[in-house]
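Reviewing the structure listed below.
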Amino acid sequence: MTVPAFEEYVPAIDCICAGCAAQRRTAASAPPVRYGGHPAAHGARRALVLVTAAGVVLGSGAVEAASAAGATGDRAAEAAGAVRADADGDSPQGGPGPLQGGGASGPPSSTTTTPKLRKSSRADIINRAKKWVSAQVPYSMTKYWPDGYRQDCSGFVSMAWNLPGNEWTGSLAAFGTRIAREELQPGDILLFHNPADPSKGSHVTIFGGWTDYTHTHYTAYEQTKPHTRKKTTPMAYWTNSGNYVAYRYKGLSGGSAGSGSSVTGFPGAGKFGPGASNAYVTRLGRMLVERGGKRFYRVGPGPGWGEADRLATRAFQKAQGWKGKEADGIPGPDTWRLLVNGTGHDIPGTGKGSGGGSGTGAGHGDSNPDSKFPGRGYFRPGQSNSHVDGLGRQLVKKGFGKYYTSGPGPRWTEADRRNVEAFQRAQGWRGGAADGYPGPETWRRLFG
């Protein structure tokens, strides 16, 4: 008996039957050949791209043909976005793979039937992202950081989400739940995967919080050239903005590593105040210290509620512009939400050894009690105050205002940061000491 030989079948681009349309959609979302995809799928994907490109050139007739082939709704938008170059985030990426070096070996979870999920809190995700930002990990689609994760955009998110392997933009969605952009919270991601050509425009960023009440800009943690950065970014991104999709990590937990308490849910006002002693008080104190409240604590923070907790909480509440009962020093749901999400205004410094800037080194680590440095909380994305305006004017006066196209003004911008960085580098500082954010020593040399 002769066994019939079956050959790979690539659906015709002009066939509108359900079977061909489904096969074309599957092929379009499959990895390219260089990432382990099948040549037949690559051919089908290329055919779909050609149909889409023809629609751009020839008009509505070809577009309707592409639509009949399954490129409708969001998929059509993704295909159209493929022809636009990502001017700001040139971030080609590697494919799925295991952790390297000291990391665990084995295939990425996306290649298995059920992706493995490690529990992680929002605070854990942002803290891991901040480590790469502080280290200024160089961008590379072929190299791996000592933690085992690939140094590109998808490797960065794999690291922050603590995934067991290196994923890519074509597989990260398997680890998340799609959400509306209005629901974004720190630790969620904004993902654009271009199935037609993953190296063109595909990118992913970590949402770090809204920078203003209009929700038009947010703090993005991302891996892009030349290195990891934290930057105020228009929603959803500089280019291909309409094609980015918001996802929330499926393994999100409510706990913070080592805290033993809920990070997202407010435990109730009864957990705070005179006589209270629990893990929530400790967590509150630690968050307040991170937001500029260290000077209130001579010891601790600890589980026993004390006057230091009340004063630090009140200072944080006043920094938000609250008064009266809204700034009584006892945390409520709004105070807790701002603290755990890392949003709102930091506690302003006093200029008496309160420190400033981010990182260490000559630009930031030295506390100068004679300076009038107002505190690092005034100089960050989304801030608008007289200190920013005064800083900008002094930079111009000192000859370091070349990045201003207008102003300076009271709102902190990237131009302010770059001018501060230029001044810091002129002092001979490098690395974290010249990150563009003023600290006490930067302030003293500018205004002294």
Problem set entry | Simple spin-label estimate for Lys131 and His215 in nanometres, 7 Å along Cα-Cβ | 3.2
Problem set entry | Packing-based ranking, highest mean first, of 308-318, 410-420 given that Cβ atoms within 10 Å are counted | 308-318, 410-420
Problem set entry | Globularity index of the range 137-182, i.e. its alpha-carbon radius of gyration over 2.2 N^0.38 Å | 1.21
For this session: Starting from the Cα of Lys397, step 7 Å along the direction of its Cβ; do the same at Arg418; then give the gap between the two resulting points in nm.
Result: 2.4
Seminar exercise, completed: For Lys323, the lysines lying under 24 Å Cα to Cα, once residues fewer than eight places off in the same chain are dropped, come out as Lys271, Lys294
For this session: Based on the mean of other Cβ atoms within 10 Å per residue, sort peptides 277-285, 431-439, 226-234, 174-182 so the most packed one is first.
Result: 431-439, 277-285, 226-234, 174-182
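All of the numbers you see were taken from the coordinates with simple rules; none came from a lab. This one's a predicted model, so the numbers in the text were calculated from it and none came from an experiment. For neighbour counting, all protein chains shown are included, and Cβ atoms are generated from backbone atoms with ideal geometry for every residue, glycine included.
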